[in-house]
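To start, the structure under review is shown below, and the notes come after it.
The values are calculated or read from the model by the stated rules, or taken from the named source; none is laboratory data. Owing to the predicted nature of the structure, the values given are computational and were not obtained by experimental measurement. Note: ideal-geometry Cβ built from the backbone for every residue, glycine included; neighbour counts use all protein chains shown.
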Amino acid sequence: MKNRISYVTPIFFVLLTFVMLMTGSGTAIAGQDDAAIDKVRLDFNAAFNEGNAAAMAQVINNDAVWMPPGMAAIAGKDNIVAHYAKTFAKVRAKFELKPGKIQLCGDWAFMNGAFSRADTPKAGGTVKKVSGHYLLVLKKQQDGAWKIARDIWNGPVKR
């Protein structure tokens, strides 16, 4: 009888741990990641609207790749930040990555949704409004923070 208990007890604890993970604890962790990922979206929006390329760098992974429509891919955080600095020198933008669906896959996450942007040329001229859809691929960093590893969006749709 004593031998049976010694085998049953560890199995019971393994099953109990598995049930706890499946019924709530895993959901709490996913919820924390969802909130952290959505904060990246909000921080990106704020930096874009401020015209602050340095602030945008805080949410971009070092080996990120941006894939803008009709252009060559932009590889590396420094090149992406330089691209935004050049853009912000010419226009003031009102920009929004709208909330999107988040899917987690280990240390990677995918978020997709709609975006809208209105660019006002600093030199004067007509405001250019565009909208479309985006796909962000985010990578969890060693410190637990999430950063954008890939940004893909479709061609602008004039409004």
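Kindly check whether there is at least one residue in the stretch 126-133 that is modelled with pLDDT of 95 or more, in contact with a Leu (Cβ under 7 Å, 6 or more places away or on another chain) and within 19 Å of G70 (Cα to Cα).
Scanning the stretch 126-133, I find no residue that is modelled with pLDDT of 95 or more, in contact with a Leu (Cβ under 7 Å, 6 or more places away or on another chain) and within 19 Å of G70 (Cα to Cα), so the answer is no.
How do the pairs read when you match residues in the stretch 123-140 that are without any contact (Cβ under 8 Å) to a residue 24 or more places away in the chain and within 29 Å of A35 (Cβ to Cβ) with residues anywhere that are loosely packed, with under 15 Cβ neighbours inside 10 Å and among the polar types (S, T, N, Q), using Cβ under 8 Å and keeping only pairs 6 or more apart or on different chains?
The qualifying pairs are H133/N154.
What number goes with the only condition from (1) surrounded by 14 or more Cβ atoms within 10 Å (Cβ to Cβ); (2) of a type outside the set (F, W, Y); (3) without any contact (Cβ under 8 Å) to a residue 60 or more places away in the chain; (4) in contact with a strand residue (DSSP E or B) (Cβ under 6 Å, 6 or more places away or on another chain) that A57 does not pass?
For A57, the failing item is (4).
Just a yes or no: is a residue in the stretch 121-138 surrounded by fewer than 14 Cβ atoms within 10 Å (Cβ to Cβ), in a strand (DSSP E or B) and on the phi < 0 side of the Ramachandran plot?
Scanning the stretch 121-138 turns up at least one residue that is surrounded by fewer than 14 Cβ atoms within 10 Å (Cβ to Cβ), in a strand (DSSP E or B) and on the phi < 0 side of the Ramachandran plot.
Any residue in the stretch 84-102 that is more than 21 Å from N49 (Cα to Cα), surrounded by 17 or more Cβ atoms within 10 Å (Cβ to Cβ) and not small (G, A, S)?
yes
Tell me which residues, restricted to the stretch 118-154, are under 20 Å from the mean Cα position of the chain (by Cα) and either among the hydroxyl-bearing types (S, T, Y) or within 14 Å of K94 (Cβ to Cβ) (or both).
Once the filter is applied, which keeps residues that are under 20 Å from the mean Cα position of the chain (by Cα) and either among the hydroxyl-bearing types (S, T, Y) or within 14 Å of K94 (Cβ to Cβ) (or both), the stretch 118-154 yields S131, Y134.
Output the residue which, of all residues in the stretch 103-120 that are closer than 20 Å to A64 by Cβ and polar (S, T, N, Q), is surrounded by the most Cβ atoms within 10 Å (Cβ to Cβ).
So in the stretch 103-120, the residues closer than 20 Å to A64 by Cβ come out as 103-113, 115, 117.
Next, from what is left, pick out any that are polar (S, T, N, Q): 103, 112.
Numbers: Q103: 12, N112: 15.
Going through the qualifying residues, I end up with N112.
Condition check ((1) at pLDDT below 95; (2) surrounded by 11 or more Cβ atoms within 10 Å (Cβ to Cβ); (3) part of a strand (DSSP E or B)) across all residues:
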| site | (1), (2), (3) |
| --- | --- |
| Y7 | yes, no, no |
| T17 | yes, yes, no |
| M22 | yes, no, no |
| I37 | no, yes, no |
| N49 | no, yes, no |
| N79 | no, yes, no |
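Taking into account only those residues within the stretch 81-103 that are part of a strand (DSSP E or B) and β-branched (V, I, T), which is nearest to D63 (Cα to Cα)?
Per the criteria, the residue is I102.
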